[in-house]
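Peer 1: Supplied in structure tokens, the structure appears directly below.
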Amino acid sequence: MKRILVTGGAGFLGSHLCESLLKDGHYVVCLDNFLTGTKDNINHLLNNQHFELIRHDIVNPVYLEVDEIYNMACPASPLHYQQNPIKTVKTNVIGVINVLGIAKRAKAKILQASTSEVYGDPDVHPQTESYWGRVNPIGIRSCYDEGKRAAECLMMDYRRHNAVNSKIVRIFNTYGPRMAINDGRVVSNFIIQALQGADITVYGKGTQTRSFCYVDDMIKGLIAMMNSPDDFFGPVNLGNPWEFSILELAQKVIKMTKSKSKIVFCDLPMDDPAQRKPDISLAAQKLGWKPVVDLDTGMETTIEYFNTALKLS
Ligand code: NAD
Ligand code: UDP
């Protein structure tokens with residue numbers, strides 16, 4: 001049994017990861033400051049004797065003895081990180097230094113949840129790991145994009161200078177049950193609007209693209225990367241390469257929910273990437289990983305989840 005720390009463990013991805021690691025027979029320490037995550041996401045794990053919850057902010061140092069660390073702590077939706085931009089940078093720099101400090105002292109392996117946002121508004125398509133990106137350093141997304149780029153830099157410098165066994169995954173848009181109702185991300189927004197019969201808010205003309213990965217596939221990818229040989233440390237893209245325009249997604253949600261909602265077109269936010277699709281050949285080659293859940297199947301489960309969540313809220 002390994003002792004595994006999941007920072008951001010009460011969030012969307014973190015809670016699924018905690019669940020999966022417990023199922024695999026490990027002892028899980030979930031650390032979260034509940035900035036965007038919630039106790040509801042992990043309530044069902046609290047009675048498990050191999051599960052421990054610590055309310056803590058990684059911007060402050062913490063001393064723990066663990067074998068592995070998944071560093072998931074960071075607000076992920078543009079709405080949330082733009083509401084707290086300075087905190088977002090602190091989490092990705094001071095917070096990451098603190099978590100790397102645990103890894104260094106405890107000689108723990110650490111996996112950093114990086115993001116497709118390190119590619120910015122890309123002029124290479126699909127995005128490969130060798131592409132250095134096109135990021136606006138002073139825009140409204142910079143706190144997240146540059147924060148995550150700094151976090152990658154720290155992972156590599158601790159590896160080179162302090163012999164920390166660090167690994168980096170670049171996560172592309174992932175969706176599924178336990179996304180926060182109010183987080184403003186496109187999948188949750190569209191489903192909630194459709195279920196409530198409200199207008200579906202497509203930003204810009206809806207021609208921008210994203211590729212959506214179901215949460216179960218993503219969790220398998222994260223664990224596969226952690227368990228991969230030490231000489232493979234990434235960065236590696238994880239995501240579903242099936243690319244859709246945002247307008248297509250809106251139409252799909254209306255159809256699947258049998259909603260009477262109308263599509264309305266709103267202003268496109270600053271620096272919104274025009275296209276995004278992962279090249280996952282490295283993950284396939286090194287991890288033997290590829291996503292298996294198609295968008296219709298994943299959306300069905302997610303719609304069901306929000307249907308129940310809305311009734312309870
Ligand atoms: P989320 O907001 O649901 O989860 C983030 C969790 O981190 C929350 O529980 C939050 O309370 C916690 N947190 C934030 N700042 C913290 C701090 N300073 N100290 C302790 N806890 C803190 O988001 P998510 O979608 O689950 O994303 C998890 C990770 O994966 C993030 O690092 C995100 O950048 C990365 N990621 C996610 C996606 C995606 O599509 N879901 C895409 C790319 C990258
Ligand atoms: N988007 C939209 N309507 C919404 C929310 C998002 O059209 O109500 C668009 C957004 O402009 C972006 C895409 O959907 O082009 C994905 O947005 P999200 O916030 O989910 O994540 P991003 O990939 O931009 O970080």
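The values are calculated or read from the model by the stated rules, or taken from the named source; none is laboratory data. Since we're looking at a predicted model, the values are computed, not measured. Every residue, glycine among them, receives a Cβ derived from its backbone with ideal geometry; neighbour counts consider all protein chains shown. Calculation scope for accessible area: heavy atoms of the full protein, side chains included, ligands and nucleic acids excluded. Shrake-Rupley method; radii C 1.70, N 1.55, O 1.52, S 1.80 Å.
Peer 1: Looking at region 284-309, I want the residues that are more than 18 Å from Phe12 (Cβ to Cβ) and of a type in the set (Val, Ile, Thr) and have a partner that is open to solvent by less than 60 Å² (accessible area, probe 1.4 Å) and part of a helix (DSSP H, G or I) with Cβ atoms under 7 Å, at least 6 apart or on another chain. Which pairs are those?
Peer 2: Val292/Asp217
Peer 1: Now a separate question. Mind checking which residues of region 276-292 are surrounded by fewer than 18 Cβ atoms within 10 Å (Cβ to Cβ) and of a type outside the set (D, E, K, R)?
Peer 2: Correct list: Ser281, Ala284, Gln285, Gly288, Val292.
Peer 1: Right, next: Here are some conditions: (1) buried (at least 20 other Cβ atoms within 10 Å of the Cβ); (2) within 10 Å of ligand 2 (Cβ to nearest atom); (3) part of a loop (DSSP other than H, G, I, E, B). Ser188 meets all but one. Which one does it not meet?
Peer 2: (3)
Peer 1: Which one of the conditions (1) more than 12 Å from ligand 1 (Cβ to nearest atom); (2) within 26 Å of Pro269 (Cβ to Cβ) does Val118 fail to meet, given that it meets all the rest?
Peer 2: Condition (1) is where Val118 drops out.
Peer 1: Can you find, within region 191-218, the residue that is nearest to Thr257 (Cα to Cα) among those that are within 8 Å of ligand 2 (Cβ to nearest atom) and among the small types (Gly, Ala, Ser)?
Peer 2: Of all residues in region 191-218, those within 8 Å of ligand 2 (Cβ to nearest atom) come to 193, 200-204, 206, 208, 210.
Narrowing further to those that are among the small types (Gly, Ala, Ser): 204, 206.
On the way: Gly204: 23, Gly206: 19 Å.
Taking the candidates together, the pick is Gly206.
Peer 1: With the requirement that a residue be under 15 Å from the mean Cα position of the chain (by Cα) and among the hydrophobic types (A, V, I, L, M, F, W, C), what does region 52-92 give you?
Peer 2: Within region 52-92, Met72, Ala73, Cys74, Ala76, Leu79 qualify.
Peer 1: Only residues that are open to solvent by 30 Å² or more (accessible area, probe 1.4 Å), among the charged types (D, E, K, R) and touching a residue at least 24 places away in the same chain (Cβ under 8 Å): list them for region 250-275, please.
Peer 2: Listed by number, the residues that qualify are Lys252, Lys260, Lys262, Asp267, Asp271.
Peer 1: Out of all the residues in region 198-216, which are more than 22 Å from Thr297 (Cα to Cα) and in a loop (DSSP other than H, G, I, E, B)? Walk me through how you get there before you give the answer.
Peer 2: Step one: of region 198-216, the residues more than 22 Å from Thr297 (Cα to Cα) are 198-199, 201-208.
Within region 198-216, Ala198, Asp199, Gly204, Lys205, Gly206, Thr207, Gln208 meet the criteria.
Peer 1: If you scan region 33-49, which residues turn out to be more than 7 Å from ligand 1 (Cβ to nearest atom) and surrounded by fewer than 14 Cβ atoms within 10 Å (Cβ to Cβ)?
Peer 2: From region 33-49, those more than 7 Å from ligand 1 (Cβ to nearest atom) are 38-49; that's our starting set.
Answer for region 33-49, where residues must be more than 7 Å from ligand 1 (Cβ to nearest atom) and surrounded by fewer than 14 Cβ atoms within 10 Å (Cβ to Cβ): Lys39, Asp40, Asn43, His44, Leu46, Asn47, Gln49.
Peer 1: Now for a separate question. Which of (1) on the phi < 0 side of the Ramachandran plot; (2) more than 15 Å from ligand 2 (Cβ to nearest atom); (3) surrounded by fewer than 19 Cβ atoms within 10 Å (Cβ to Cβ) is the odd one out, the single condition Leu247 does not satisfy?
Peer 2: Condition (2) is where Leu247 drops out.
Peer 1: I would also like to ask the following. Go through the residues of region 151-159 one by one and say whether even a single one is in a helix (DSSP H, G or I), within 14 Å of the chain's Cα centre (by Cα) and without any contact (Cβ under 8 Å) to a residue 40 or more places away in the chain.
Peer 2: The answer is no; no qualifying residue exists.
Peer 1: Quickly run through region 251-309 and pick out the residues that are part of a loop (DSSP other than H, G, I, E, B) and among the aromatic types (Phe, Trp, Tyr).
Peer 2: Trp289
Peer 1: From the set of residues in region 63-95 that are surrounded by fewer than 16 Cβ atoms within 10 Å (Cβ to Cβ) and of a type in the set (Val, Ile, Thr), which is nearest to ligand 1 (Cβ to nearest atom)?
Peer 2: Among them, the one singled out is Ile94.
Peer 1: Which residues, counting only those in region 20-31, are touching a strand residue (DSSP E or B) at 6+ places or on another chain (Cβ under 9 Å), open to solvent by 10 Å² or more (accessible area, probe 1.4 Å) and within 14 Å of ligand 1 (Cβ to nearest atom)?
Peer 2: Within region 20-31, the subset touching a strand residue (DSSP E or B) at 6+ places or on another chain (Cβ under 9 Å) is 21-22, 26-31.
Remaining after also requiring open to solvent by 10 Å² or more (accessible area, probe 1.4 Å): 22, 26-27.
Selection gives nothing.
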